[in-house]
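Everything on this sheet refers to the single structure shown next.
The values are calculated or read from the model by the stated rules, or taken from the named source; none is laboratory data. Every value quoted in this text rests on a predicted model; they were computed, and no experiment measured them. Here Cβ is always computed from backbone atoms with ideal geometry, including for glycine, and neighbour counts include all displayed protein chains. Surface accessibility is based on the protein's heavy atoms, side chains included, excluding ligands, DNA and RNA. Shrake-Rupley method; radii C 1.70, N 1.55, O 1.52, S 1.80 Å.
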Amino acid sequence: MQPLIVAIDGPSGVGKSTTSKRVARSLGIPHIDTGAMYRAIALAGERAGVPVDDEPRLEQIASRARIEFIPHAANPRVLLDGHDVTEAIRTHDMSMAASSVSKLPAVRRVLVGLQQAMGNLAGGVLEGRDIGTKVFPATPFKFFLTARPEIRAARRFRELQGKGSSETLEAVLEDTIRRDTQDSTRADSPLTWDASYVLIDTSELSIDDVVSRIVDQVASGASNFLTPS
Ligand code: DC
């Protein structure tokens, strides 16, 4: 029996995080936020004064970094070398820096290795950009979430407003499109999907709908995989 791996890929602002957390809880397997890992390396690089295109130094940082996910239903945390960086990795600057750092093949190699090790340990719902194409290409459970950029930007805008940010909707839309372009056009593991994925356009769907579609599909095919009893 192999561990149960569910790949949830897609661009930013598509509802991946909320969906993945809930799918993981429902299936009783860990949630692994691979974007948070790129963000943590971007933050570690910034704190060490390393430019986002310094591949050898960022590879070294990634190889030495200890990234941990502390599960919690309402308040999961991300630790970098034992320190809580949950909020620090979510800033606007870290979004752009993570996107730049994630272009570097040497950094990707290290983080993909860690993601595979984490998934092989106890299975997991892995959310990211390349889970079904590069990290766990053999899993039969691959979902690609999409939504129109305007809808994704509006969701992100509301989230930022809730946190007291004064960014305009236009600026958020511009950022969304810029990051999509950067993530989809990079040479190594660009954001993409193929016929092995189930494509879900979340533009007109509630999170509940998306979660139940994924959970139903996985549950109906998961009997050959190791799941928590
Ligand atoms: O999902 P996120 O916004 O937290 O991801 C931050 C950046 O990391 C994003 O711009 C693309 C990159 N990323 C990646 O290249 N591969 C992944 N598996 C996850 C994220």
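Okay, here's what the table says:
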{"read-out": "Subset of region 120-137 (residues that are assigned to a helix (DSSP H, G or I), within 14 Å of the chain's Cα centre (by Cα) and not hydroxyl-bearing (Ser, Thr, Tyr))", "value": "131, 132, 134, 135"}
{"read-out": "Residue check, residue 132 at pLDDT 95 or above, within 11 Å of the ligand (Cβ to nearest atom) and among the small types (Gly, Ala, Ser)", "value": "yes"}
{"read-out": "Residue tally, condition in a helix (DSSP H, G or I) and more than 8 Å from the ligand (Cβ to nearest atom), over region 97-111", "value": "7"}
{"read-out": "Residue count for region 13-47, restricted to those that are touching a helix residue (DSSP H, G or I) at 6+ places or on another chain (Cβ under 8 Å), open to solvent by 60 Å² or more (accessible area, probe 1.4 Å) and over 18 Å from residue 86 (Cα atoms)", "value": "2"}
{"read-out": "Selected residue (criterion: nearest to residue 93 (Cα to Cα)) from residues of region 1-53 that are more than 10 Å from the ligand (Cβ to nearest atom) and of a type in the set (Lys, Arg)", "value": "47"}
{"read-out": "Residue 184 vs. criteria in contact with a strand residue (DSSP E or B) (Cβ under 9 Å, 6 or more places away or on another chain) and farther than 20 Å from residue 25 by Cβ", "value": "no"}
{"read-out": "Odd one out for residue 121 among (1) open to solvent by 60 Å² or more (accessible area, probe 1.4 Å); (2) in contact with a strand residue (DSSP E or B) (Cβ under 8 Å, 6 or more places away or on another chain); (3) over 29 Å from residue 97 (Cβ atoms)", "value": "(3)"}
{"read-out": "Residue identified as more than 13 Å from the ligand (Cβ to nearest atom), within 16 Å of the chain's Cα centre (by Cα) and open to solvent by less than 60 Å² (accessible area, probe 1.4 Å) among 71, 76", "value": "76"}
{"read-out": "Filter result for the condition that a residue is more than 11 Å from the ligand (Cβ to nearest atom), at pLDDT below 95, open to solvent by 10 Å² or more (accessible area, probe 1.4 Å) and under 17 Å from residue 197 (Cβ atoms), over 168, 139, 146", "value": "146"}
{"read-out": "Residue match in region 95-111 (condition: closer than 13 Å to residue 36 by Cα, loosely packed, with under 14 Cβ neighbours inside 10 Å and of a type in the set (Val, Ile, Thr))", "value": "no"}
{"read-out": "Evaluation of residue 61 against (1) part of a strand (DSSP E or B); (2) within 16 Å of the ligand (Cβ to nearest atom) (one fails), failing number", "value": "(1)"}
{"read-out": "Members of region 138-178 found to be free of Cβ contacts under 8 Å to residues at least 12 places away in the same chain, closer than 30 Å to residue 218 by Cβ and not in a helix (DSSP H, G or I), listed by number", "value": "138"}
